[in-house]
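Bear in mind these aren't lab numbers, they're just calculated from the coordinates by the rules spelled out. Bear in mind the structure is a predicted one, so any value in this text is a computation, not a measurement.
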Amino acid sequence: MNLMGLVSPLSPPTSHPRLALMRLLQTLSIESMSTKESDTSTSVDDVIRLSAQVVAALMDLLLRGHPIRGLAIATLGRLLCVDEPEIPSDASIEQPFPPRGYQRLVLAKSTLLRAVEELEIGFGPGGGTLGTETRQMLENADRELAIFERGVRNAKESLKQTGP
């Protein structure tokens, strides 16, 4: 039986056993996604949901600018930047979080901005190596958003030219 299933209904996300287990599960899930040889059915969206719970718990526990809090927010932002998995055609249940498409990129950008702010408080000006990497991810997300917006604008213009 899954230990998280036993602990989750009985304790808040900020409690010691639950938060520690969520962070462990998050780390193991990210690692299994990166090895490509995972037999688990862990999807990117599931890891994002788990990471959002970890961030919410740490925001309740730790002060603004705490390095662990900044790291957790940066991890969530990076996960939101990962290419979305294809939705199975038989998936009839739509999950409200994480969002898809453009909204996911907007959320990734705002999360990465928040992470940079936290990292600069926690690790000093620049936010250390993690701050630099997070700013680079933020720039990439900005570029991707610009490409998306340009594509939408081009599609609207081509529709205007062809007429109704």
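Structure data summary
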{"read-out": "Extension gain, F97 back to H66 (0.36 nm per residue minus Cα-Cα distance, nm)", "value": "8.6 nm"}
{"read-out": "Cα point-scatterer Debye curve for the range 50-161, base-10 log of I(q)/I(0) at q = 0.13, 0.17 Å⁻¹", "value": "-0.58, -0.85"}
{"read-out": "Contour excess over end-to-end distance, with Cα ends at S11 and S32 and 0.36 nm allotted per residue", "value": "4.9 nm"}
{"read-out": "Mean projected area in nm² (Cα convex hull; one quarter of hull surface) for the range 97-164", "value": "5.7"}
